[in-house]
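Read the structure below first, then the notes.
Values quoted throughout were computed directly from the atomic coordinates according to the rules given, and no laboratory measurement underlies them. It should be emphasised that the depicted structure is a prediction, and the values quoted were computed from it without experimental measurement. As a convention, Cβ positions derive from the backbone with ideal geometry for all residues, glycine included, and neighbour counts pool all protein chains shown.
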């Protein structure tokens with residue numbers, strides 16, 4: 001009997017608000033332990049939470065980005081449990097009445113579960129809650145840092161629509177790309193802004209009933225999610241093939257050993273004793289408030305890629321670059337709308353402009369680090385810092401299209417344009433880079449090349465067509481790279497065949 005995996009993900013994403021969920025303490029990573037705290041963060045008696053309006057807005061905005069319904073009634077509940085980094089002994093969260101529900105994420109994927117290169121994972125809900133503090137365990141004691149306690153945290157729960165470890169990986173990348181570009185979260189996994197619980201079960205192929213759900217807790221990298229899912233799927237299939245029974249349980253991932261280990265079974269599960277928080281009013285968004293939030297919704301990355309391929313006839317690889325880098329895509333589109341050849345514009349941006357910016361940034365970073373600047377203080381070049389106007393790139397493309405300059409000369413023009421900010425036409429004139437298309441001048445260059453290179457001439461006449469390239473190179477050398485290559489080829493062939 002063959003088995004298939006059924007996977008659902010619970011993704012926890014910190015919102016990038018300036019302050020915490022219930023108080024005015026800074027939502028800031030990297031501060032000294034227990035410096036961004038107050039009586040509300042620490043759960044001291046008598047304090048009252050005040051909801052962060054921006055966090056509420058970003059949660060509903062997420063609902064729009066994930067194609068969700070936005071209920072007209074939502075509330076916060078107390079989820080009761082004890083853990084040292086949870087100072088109140090309960091967590092404020094949305095339980096049965098969340099701010100968003102019933103959405104989906106569509107993304108590119110070519111494995112099982114996809115149709116025409118796309119897959120769709122349904123979203124049960126994206127609800128708002130608060131993060132907990134952070135425990136650090138030393139040899140003989142543990143430390144608690146409550147800077148993170150109370151940071152707005154959104155939990156995005158998927159339906160069990162994921163069928164493989166690779167599909168889970170693709171979904172998580174698509175989800176965080178939407179949230180990052182949408183301005184909801186910085187999604188920096190190294191700073192713990194995205195964490196994931198993975199629910200996996202296996203069942204015989206063709207059956208509908210789900211197997212025992214086994215949860216892998218607190219994954220902090222997408223590659224770790226993929227590796228853990230691959231291991232756990234294989235482990236569960238091996239167990240059922242031996243005739244043993246899987247029991248609903250929670251496991252942890254040992255990234256070094258590459259295995260999952262059991263933490264607790266269903267019998268050990270918490271009774272969270274949810275009940276509505278008496279200190280917080282329910283949420284009842286108005287039409288005007290919802291309309292205002294919806295104006296912040298962006299074009300989704302996948303829709304942007306598909307539109308660039310359709311409207312500008314870009315190949316998938318180019319469109320992917322512009323999908324992933326919003327600023328770069330905006331820069332391209334501003335020029336593409338004015339160009340008859342958007343593909344040529346894309347080539348110059350991807351192959352030349354990006355390379356130059358990377359080179360410049362590497363040099364600036366090295367110089368600034370030599371001065372002792374911290375990473376947060378580094379000021380690196382971006383599109384706003386370019387010395388030339390965007391229209392100069394269009395002018396360069398047009399000069400090449402009109403055969404005013406050759407492709408090799410255009411590379412020289414771009415380098416000078418990037419460094420000095422001069423207009424392409426000015427650079428062409430100053431450096432004498434205009435392409436020679438005068439047939440009389442080119443014929444003279446061809447005659448000289450044929451006279452000086454009898455061996456390639458003989459080879460070409462003997463049927464070796466590749467010998468023509470050698471003669472073309474000699475003509476280009478004689479013309480100092482200015483001769484029109486197409487005319488050079490035509491004239492050489494005519495003279496040699498004649």
Q: Quick one: check the C-alpha center-to-center distance for segment 404-471 versus segment 153-211, whole angstrom.
A: 55
Q | Mean Cα-pair separation over length for segment 308-376, i.e. relative contact order, pairs under 8 Å, 6 or more apart, % | A | 23
Q) How many nm separate the modelled label positions at residue 444 and residue 2, each set 7 Å beyond the Cα in the direction of the Cβ? A) 7.4
**Q.** Computed label-point distance, nm, for sites residue 426 and residue 359 using a 7 Å Cα→Cβ extension
**A.** 2.1
**Q.** Alpha-carbon centroids, segment 93-130 and segment 476-498: separation in whole Å
**A.** 60
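Order the peptides 40-52, 184-196 from the highest to the lowest mean number of other Cβ atoms within 10 Å of their residues. The partial results should precede the final answer.
Values: 40-52: 14.8, 184-196: 18.5.
Per-residue Cβ counts within 10 Å, averaged per peptide and sorted highest first, yield 184-196, 40-52.
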Q: Give me the number: length gained by fully extending residue 490 to residue 26, i.e. 0.36 nm times residue separation minus the C-alpha to C-alpha distance, one decimal in nm.
A: 160.0 nm
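Given contacts defined as C-alpha pairs under 8 Å and at least six residues apart, what's the relative contact order of the chain, whole-number percent? Let's see the in-between values first.
Values: 844 pairs, mean separation 64.9, N = 498.
Worked out over the chain, it gives 13 percent.
Once the Cβ-Cβ distance between residue 80 and residue 368 is put in as r, and R0 is 35 Å, what FRET efficiency do you end up with, to the nearest 0.05? Mind showing how you got there, number by number?
Numbers: r = 50 Å, r/R0 = 1.42.
E(calc), rounded to 0.05, equals 0.10.
Show me 296-308, 161-173, 226-238 ranked by packing, highest mean number of other Cβ atoms within 10 Å first. Walk me through the numbers on the way to the answer.
Values: 296-308: 17.3, 161-173: 21.5, 226-238: 19.2.
Highest to lowest by the protection proxy: 161-173, 226-238, 296-308.
Can you work out the FRET efficiency for the pair residue 270 and residue 407, with r the C-beta to C-beta distance and R0 = 45 Å, to the nearest 0.05? Spell out each step's value before the answer.
On the way: r = 66 Å, r/R0 = 1.48.
Computed FRET efficiency for residue 270 and residue 407: 0.10.
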Q.
Helix-only mean residue ellipticity at 222 nm, the chain, DSSP H runs n ≥ 4 weighted -39,500 (n - 2.57), per residue, nearest 500. What is it?
A. -12000 deg cm²/dmol
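Hey, can you rank 77-85, 413-421, 271-279 by average C-beta count inside 10 Å, highest first?
Working: 77-85: 15.1, 413-421: 17.3, 271-279: 12.1.
With the highest mean Cβ count within 10 Å placed first, the list reads 413-421, 77-85, 271-279.
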